[in-house]
Amino acid sequence: MAEYKIQLETVKHLLSEYYIYAILVLFWIAAAGFIPGFISLYNIATLIIVCAPLALVSLGQNMSIITGGIDLSVGAVVSLATAIASNLMEINVGLAILVVILAGLAIGAFNGFGVTKLRIDPFIVTLGSMGIGSGIALYIRPHPGGYIAPEFINVILYKHEIFGVLFPVGSFIILLVTVVIGELILMKRNFGRMVYAVGGNETYARMLGVPINKVKLLVYVISGVVSAIAGLYVAALMNAGDASVGDPYVINSIIAVTLGGTPITGGSGRFVNTVGAALVVSTIDRILNQLGVNIWWSWIIKGILLALIIAISTKVIRR
């Protein structure tokens, strides 16, 4: 009897800790009820391909929100990365990757400087950098197109046949590495503890000697860099550059972070649950796509979902 109670408590703990994965399973079971063959290796492969860049963007967004901020520039960085890559890869692949990462770092540093040194609200400064990034991307790539090196695409989107389905090995590795790095940074390293401290109580963190400004600056720099890497992935996926392709990543990353259990006020949250929520968001898109529903419904549903998540989490925090 005692062993049964211990096992029951263990199950309850796992469900409360990783509830988002239970929600993901329920989504898939429900979808399988009205979409024949929804639970298949092909759909899982598609989900991994779509979720990989969202997980990368959500890593930076997660850190930003944990510190009590937000990064609205992530989508613009993704778009700018595709625009730069599609222009420079014809010259040199390595140069294109370097410039893309430096561009993401520059926007992240701009955000961090505005938040820490100029004391501008994160919402305002990242909104401004979103406009700057989108404008530069549109100037570089006014129309979708350009050149993405085939060898780069083959590496990033490497696939291997499994049970008759081309499984996205490259995308899976990117997703897995993102999860591992995110968890290591936030849960196993001193920097991660400082990130939580800043979001939990900035005044108390300062009294403990936490370098508040340095932590925030690094958080926004990381957000800019991982969003740029996500943009490189998206460029390979599209085989082109597009100045507006990153727009959905702003709302999708915020939904993934908040649905994954990180309150909009910051201070807590696990990245592994954020990735689970990113899989849920990708699943919603996949379900609507297979049902042939207009893409505008996706935006409406996500907008309602985001409002509900924030309203519920705010109410819980107040209690």
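The values are calculated or read from the model by the stated rules, or taken from the named source; none is laboratory data. Computed from a predicted structure; not experimentally measured. Here the Cβ is made from the backbone with ideal geometry for all residues, glycine too, and neighbour counts use every protein chain on show.
Applying the criterion of at least 3 residues that are within 22 Å of PHE271 (Cα to Cα) and modelled with pLDDT under 95 to the helices (runs of 4 or more DSSP H) found wholly in the range 190-243 leaves 190-200. Per this entry, VAL219 is counted among residues that are crowded, with 21+ Cβ neighbours inside 10 Å and under 19 Å from LYS188 (Cα atoms). Of the residues in the range 259-272, at least one is out of contact with any Ser or Thr (no Cβ under 9 Å at 6 or more places or on another chain) and in contact (Cβ under 8 Å) with a residue 24 or more places away in the chain. Within the range 60-90, the set of residues being part of a helix (DSSP H, G or I), in contact with a Phe, Trp or Tyr (Cβ under 7 Å, 6 or more places away or on another chain) and within 28 Å of GLY146 (Cα to Cα) comprises VAL74, GLY75, VAL78, SER86. Contact annotation: residue pairs with Cβ atoms under 6 Å, 6 or more positions apart or on different chains, pairing a residue in the range 121-135 that is assigned to a helix (DSSP H, G or I) with a partner that is aromatic (Phe, Trp, Tyr), are SER129/PHE110. When each of VAL226, VAL280 is tested for being more than 27 Å from ALA32 (Cα to Cα), under 15 Å from the mean Cα position of the chain (by Cα) and crowded, with 16+ Cβ neighbours inside 10 Å, the lone residue that passes is VAL226. For first residues located in the range 287-305 and farther than 24 Å from TYR42 by Cα and free of Cβ contacts under 8 Å to residues at least 12 places away in the same chain, partners that are surrounded by 10 or more Cβ atoms within 10 Å (Cβ to Cβ) and of a type in the set (Ser, Thr, Tyr) and lie 6+ apart or on another chain with Cβ distances below 6 Å do not occur. Can you name the residue in the range 229-250 that is among the aliphatic types (A, V, I, L, M) and more than 25 Å from ALA45 (Cβ to Cβ) and is also surrounded by the most Cβ atoms within 10 Å (Cβ to Cβ) among such residues? The qualifying residue surrounded by the most Cβ atoms within 10 Å (Cβ to Cβ) is ALA243.
Residue by residue, here is whether (1) within 20 Å of GLY260 (Cα to Cα); (2) at pLDDT below 95; (3) buried (at least 24 other Cβ atoms within 10 Å of the Cβ) holds:
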{"residue": "LEU26", "(1), (2), (3)": "yes, yes, no"}
{"residue": "PHE34", "(1), (2), (3)": "no, yes, no"}
{"residue": "THR46", "(1), (2), (3)": "no, yes, no"}
{"residue": "GLN61", "(1), (2), (3)": "yes, no, yes"}
{"residue": "ILE66", "(1), (2), (3)": "yes, no, yes"}
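State yes or no: is ILE148 in a helix (DSSP H, G or I) and modelled with pLDDT of 95 or more? No. Answer with yes or no whether HIS143 is surrounded by fewer than 16 Cβ atoms within 10 Å (Cβ to Cβ) and touching a Phe, Trp or Tyr at 6+ places or on another chain (Cβ under 9 Å). So HIS143 fails the test.
Within the range 136-166, the residues that satisfy the criterion of being without any contact (Cβ under 8 Å) to a residue 40 or more places away in the chain and either among the polar types (S, T, N, Q) or within 24 Å of ALA76 (Cβ to Cβ) (or both) are TYR139, HIS143, ASN154.
Condition check for VAL169 on (1) out of contact with any His (no Cβ under 8 Å at 6 or more places or on another chain); (2) within 26 Å of CYS51 (Cα to Cα); (3) without any contact (Cβ under 8 Å) to a residue 40 or more places away in the chain; (4) surrounded by fewer than 19 Cβ atoms within 10 Å (Cβ to Cβ): one failure, at (1). Taken over the range 259-306, the residue count meeting the criterion of being in contact with a Lys or Arg (Cβ under 9 Å, 6 or more places away or on another chain), closer than 20 Å to LEU176 by Cβ and in a helix (DSSP H, G or I) is 1.
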